[in-house]
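Q: Below is the structure I would like to discuss, written out as C-alpha cells.
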Amino acid sequence: VFQNMTVRENVMVGRHTKSHSGFLRCLLRTPMVWKEENIIRQKTDETLKFLDLDSKADLPVASLPYGDQKRVEIARALAMEPRLLFLDEPVAGLNLQETKKMSHTILKIRKKGITVILVEHDMNLIMGISNIITVLNYGEKIAEGSAKEIQNNPKVIEAYLGKEF
C-alpha cells in the first residue's frame, strides 16, 4: 500500500487500470476524464463499502492497524474486478481478531463469485474456509482434497507431524 495516501486513493490506484483516457486527455482534463474519474470514485466507494472500509476512506493508510492495511491491499485488487484473486499469506502477522476478520473478508469475496487461491500456513484459516486444499511438501504436491481428507491423509500427517505420530 502507499502509506502516505488515503484508503480511497489507494483503491482508486487499482481502479485506474480500467481507465481508457490517454495521457493527452488526462493532461487536458477533458469531459471524458471527468466522467471516468467519477466512475472510478463511485466504484472505489462501492468496493470500500463491500469490505467495510468506507468509514476509513479518508484516513491515511499509515494510520490504520496492520489488518486494515492488508484489507486495503485486497480492496485495491478487487477494484480491478478480477475473476480470480491470488492471496499470498493474507493473515501473516495478524492477530486472532484480525485473522477472523480476514476470514470473513475472503468468504465475502467468494460469495461474490470471485475464485480465491490462497497460499497460507495458518491451517485453522485454510481448514475453515477452503473448498479444495492442495498440500505441498518441498515444492511437490502430496495431497489434494477437502479439509477432512487432508486432515486424514497419511502423507500429510507424515510430512508435517512425522512418522511416529
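The values are calculated or read from the model by the stated rules, or taken from the named source; none is laboratory data. Since the structure is predicted, the reported quantities are computational estimates derived from the model, not experimental observations. Neighbour counts are summed over all protein chains in view; Cβ atoms, including those assigned to glycine, are modelled from backbone coordinates with ideal geometry. Areas reflect the complete protein model, heavy atoms only, side chains present, ligands, DNA and RNA absent. Shrake-Rupley method; radii C 1.70, N 1.55, O 1.52, S 1.80 Å.
Q: Sum up the charges of everything whose Cβ sits under 15 Å from the Cβ of Val7, counting Lys and Arg as +1 and Asp and Glu as -1, but leave Val7 out.
A: +1
Q: Check segment 9-151 and count each lysine pair with an alpha-carbon distance under 14 angstrom, considering only pairs eight or more places apart or from different chains.
A: Pairs that pass both the separation and distance tests number 9.
Q: Additional query: What order do Val72, Val1 take when sorted by accessible area (1.4 Å probe), most exposed first?
A: Details: Val72 0, Val1 50 Å².
In descending accessible area the options line up as Val1, Val72.
Q: Next question, about the same structure. Assuming 0.36 nm per residue, please report the length gained on full extension of the stretch Gln42 to Ser146 beyond their Cα-Cα distance.
A: That pair, Gln42 and Ser146, stretches by 33.6 nm at full extension.
Q: To continue, here is another question. Express the relative contact order of the chain as a whole percentage, based on alpha carbon pairs under 8 Å and six or more residues apart in sequence. Each step should come with its number before you reach the end.
A: On the way: 177 pairs, mean separation 30.8, N = 165.
Reported relative contact order: 19 percent.
Q: Can you compute the label reach from Phe50? Point 7 Å from Cα along the Cβ direction, backbone N cut-off under 13 Å, restricted to segment 80-108.
A: 80-85, 105-108, by backbone N distance to the label point.
Q: Using helices alone, I'd like the mean residue ellipticity at 222 nm for the chain: each DSSP H run of four-plus residues gives -39500 (n - 2.57), total over residue count, nearest 500. Please report the intermediate quantities before stating the final value.
A: Values: 8 runs with 84 residues, N = 165.
Theoretical 222 nm ellipticity from helices: -15000 deg cm²/dmol.
Q: Report the FRET efficiency, 1/(1 + (r/R0)^6), for Thr17 and Glu158, where r is their Cβ-Cβ distance and R0 is 45 Å, rounded to 0.05.
A: It comes to 0.50.
Q: Further question: According to a simple spin-label model (label point 7 Å from Cα along Cα-to-Cβ), what is the distance in nm between Lys108 and Leu59?
A: Between Leu59 and Lys108, the label points sit 1.5 nm apart.
Q: Let me ask you something else. Using the per-residue mean of other Cβ atoms lying within 10 Å as a proxy for protection, in what order, highest first, do the peptides 37-50, 3-16 fall?
A: On the way: 37-50: 16.6, 3-16: 19.5.
Ranked from most to least packed, the peptides come out as 3-16, 37-50.
Q: Please arrange Asp54, Asp88 by accessible surface area, largest first, computed with a 1.4 Å probe and ligands excluded.
A: Result of the area sort, largest leading: Asp88, Asp54.
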